[in-house]
Amino acid sequence: MNKNKFARIIPVALTLLIAAVVIAALVSLVRFIFFPETSTKPVKSDTEISREALLDTSADRAVSLVARGPIVADESFRSYQIKVTTTSRNLTVFSGYLDQPIKVVSLANNNSAYEQFVYALDKANMVKGVELSGDYNDLRGICASGNVYEYQTLKADAIQKSLWTSTCSGSRGSLNASTVQLNNLFMAQIPNSRAIISEVWQ
């Protein structure tokens with residue numbers, strides 16, 4: 001009796017196994033035919049996407065450092081931006097919270113120089129941090145007694161990724177890199193930038 005029962009189970013089990021293999025093969029075939037990209041291309045991480053954006057030397061790409069001083073009276077408040085594209089390098093120092101330009105330096109650039117610069121930024125880990133969200137990414141009033149630094153990658157002047165940090169120990173932000181290293185790289189793009197900024201950044 002047991003032998004007969006076992007003999008009946010084996011063909012059923014084999015049939016179910018073959019059916020499962022056939023179904024799996026059909027599903028794989030359908031995915032390969034109708035969704036070839038999703039079935040063959042690995043999913044990129046946020047860091048990989050950010051690095052590709054940073055290292056892209058297309059004409060509409062740019063990188064930027066935005067620095068803000070302590071929260072003081074409007075007349076005394078200062079901030080500055082160093083923005084580099086494939087064709088230009090610009091330093092703008094602003095006065096007040098409405099960003100009134102008080103010093104502007106505009107210089108030409110070229111694709112080879114831009115490429116070297118963004119590769120240096122990549123090696124300095126400019127985009128390896130994870131962007132914060134909601135109130136954690138609200139920079140209003142952050143580090144009122146110190147400086148805040150934002151590092152941005154842009155496409156057609158739209159921000160693709162923005163990471164920030166500050167000189168206040170309680171507001172470390174989203175940047176996971178050395179501000180000294182990154183700031184030195186940006187400053188080096190504009191000759192005499194430190195002297196220019198120090199004239200108005202007290």
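Each value in this text was obtained by applying a stated rule to the coordinates, not by laboratory testing. These numbers were taken from a predicted model, which means no experiment stands behind them. Don't worry about glycine lacking a Cβ; one is built from the backbone with ideal geometry, like all the others, and counts go over all protein chains shown.
Summary table below
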item	result
Residue among SER112, SER106, SER79 that is loosely packed, with under 12 Cβ neighbours inside 10 Å, without any contact (Cβ under 8 Å) to a residue 40 or more places away in the chain, polar (S, T, N, Q) and not in a helix (DSSP H, G or I)	SER106
Some residue of the stretch 75-91 being small (Gly, Ala, Ser), farther than 13 Å from THR57 by Cα and touching a helix residue (DSSP H, G or I) at 6+ places or on another chain (Cβ under 7 Å)	no
Residue in the stretch 109-121 that is in contact with a Phe, Trp or Tyr (Cβ under 6 Å, 6 or more places away or on another chain) and among the hydrophobic types (A, V, I, L, M, F, W, C) present	no
Complete set of residues in the stretch 92-113 that are more than 25 Å from ARG68 (Cβ to Cβ) and not small (Gly, Ala, Ser)	ASN110, ASN111
Filter result for LEU154 (of a type in the set (A, V, I, L, M), assigned to a strand (DSSP E or B) and within 22 Å of the chain's Cα centre (by Cα))	yes
